[in-house]
Amino acid sequence: MDTYNWEEILKGKTSRELYSIYKGLSDLPDSVIPFAKKELENRHSNADHINETPIDRVYSFKPGCFVTIKKSFRYLFIAGLNLVILTIMLAIWTDSVEMTFNSIIRLWNLFILSCVSLFSLIGMRIMISVLRKQKNKSLKKRIVLSVVITVLISSFQYYKYTGKIIENRILNREIRQSIEEKINYQTPYLYVNNLTYIEYLEICKLRKFQKLPETSDGICLEIYEEPGPLGQDFRIKINFVVPISEKIEEFSGTDDHGCRRTQTFEIIDGEKHVEYNYVII
């Protein structure tokens, strides 16, 4: 409820300020316009003369500042609600498997969502400025357009997150649950034992590992990762079993980046037991 004595307040305003309020160019509510008109009539203002002079918007009025904050809350609420919804969707699709092999995924996406929210607010501010120039004061239209702008700016995140939720929580739910049960932390080691080839491919979507033959089974993944005195100490060991008929290449060497890769195998009980090692020297 409006508790301000606008008749007394507006007596202290200049004719130009009153005319700005009367024309709806201030941040005051529309209910103040009749009071501004009455005060102008009491002063016998020359409206034609004022029309010929550029009118500045009125910002310095304390009650108006309160009203501005109150109006802005609507748009902040729209952007904030959108951020909350997307954050919930982010938390749903980034399951424990995702976080195990891509630990910064949530932090990075929260940064992206913060930028999206900022762009949404900027878009809404531009929309409001355009409607004011058109002297369109429809609050319903502003709210609807604000929602449309926010959804359009966030559309890629909604598309991506929805796809991820369907993929991780519905289509590949059983595979990812099976992987989760096989994950074992023994800091600074991460072990994932007895993976099937399909489960290994699911992990490779999150982090690039050595390509294995489709006949691979009993795949054991061992990752050591810890900061060292000269940088990050990192190594990967992958053990897997393939039929004896599967062609396996043995190799050993160091690339230009100081990464050593080796692969060896031995035949046990009519199967090839392969060991692959990747070490950053």
Where labels lie 7 Å past Cα in the beta-carbon direction, separation of K37 and K247 in nm
9.0
Proximal charge balance of D233 [Cβ under 11 Å; K/R count +1, D/E count -1]
-1
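Please tell me which of these pairs span more than 29 angstrom C-alpha to C-alpha: K11/K140; K38/K135; K164/K208; K11/K141; K37/K141; K182/K208? Let's see the in-between values first.
Values: K11/K140 32 Å; K38/K135 21 Å; K164/K208 18 Å; K11/K141 33 Å; K37/K141 26 Å; K182/K208 19 Å.
Exceeds cut-off: K11/K140; K11/K141.
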Among I236, P188, I143, which residue has its Cα furthest toward the positive end of the charge dipole of the chain, with +1 on Lys/Arg Cβ and -1 on Asp/Glu Cβ?
I143
Estimated FRET transfer efficiency when R0 is 51 angstrom, pair Q263-I143 (beta carbons, to 0.05):
0.25
Give me Rg/Rg_expected for region 132-233, where Rg uses Cα atoms only and Rg_expected = 2.2 N^0.38 Å with N residues.
1.81
Starting from the Cα of E181, step 7 Å along the direction of its Cβ; do the same at D255; then give the gap between the two resulting points in nm.
3.5
Residue separation between Y224 and F73 times 0.36 nm, minus their alpha-carbon distance, gives in nm 49.5 nm
Using the Karplus equation 6.51 cos²θ - 1.76 cosθ + 1.60 (θ = phi - 60°), what ³J(HN,Hα) coupling, rounded to whole Hz, does each residue of region 108-116 give in order, writing x for Gly and Pro?
5, 5, 5, 5, 4, 5, 5, 5, 4
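Less than 13 Å Cβ to Cβ from Q186, Lys/Arg counted +1 and Asp/Glu -1: what total charge do the surrounding residues give?
Residues close to Q186 contribute a combined charge of -3.
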Please compute, for the alpha-carbon atoms of region 179-281, the extent along each of the three principal axes and give them in descending order in Å.
44, 34, 23
Quick one: check the C-alpha center-to-center distance for region 5-19 versus region 202-261, whole angstrom.
77
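Starting with the highest mean, order 153-159, 267-273 by the number of other Cβ atoms within 10 Å, averaged over the residues of each peptide.
153-159, 267-273
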Å² per residue, accessible surface of the chain at 1.4 Å
62
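To the nearest 20 debye, what charge dipole does the chain have about its Cα centre, counting +1 at the Cβ of each Lys and Arg and -1 at the Cβ of each Asp and Glu?
Details: 37 positive and 34 negative charges, 507 e Å.
Charge dipole of the chain: 2440 debye, to the nearest 20.
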Of the accessible area of the chain, computed with a 1.4 Å probe and all protein chains kept, carbon and sulfur make up a percent value of 59
Mind listing the phi-derived Karplus ³J(HN,Hα) values for region 153-158, rounded to whole Hz, using 6.51, -1.76 and 1.60 with θ = phi - 60°, and x for any glycine or proline?
5, 9, 4, 5, 5, 4
For the pair F119 and Y189, what calculated FRET efficiency results from E = 1/(1 + (r/R0)^6), where r is the Cβ-Cβ distance and R0 = 51 Å, to the nearest 0.05?
0.75
Any idea what log10 I(q)/I(0) is at q = 0.14 Å⁻¹ for the chain, Debye with uniform C-alpha scatterers and no solvent?
-1.05
Quick calc: nm separation of the 7 Å Cα→Cβ label points for A91 and K133 -> 4.2
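The values are calculated or read from the model by the stated rules, or taken from the named source; none is laboratory data. Computed from a predicted model, the values in this text were never measured in an experiment. Reconstructed Cβ throughout: ideal geometry from the backbone, glycine too, with neighbour counts over all protein chains shown. To get the accessible areas, we keep the full protein, side chains included, count just its heavy atoms, and leave off ligands, DNA and RNA. Shrake-Rupley method; radii C 1.70, N 1.55, O 1.52, S 1.80 Å.
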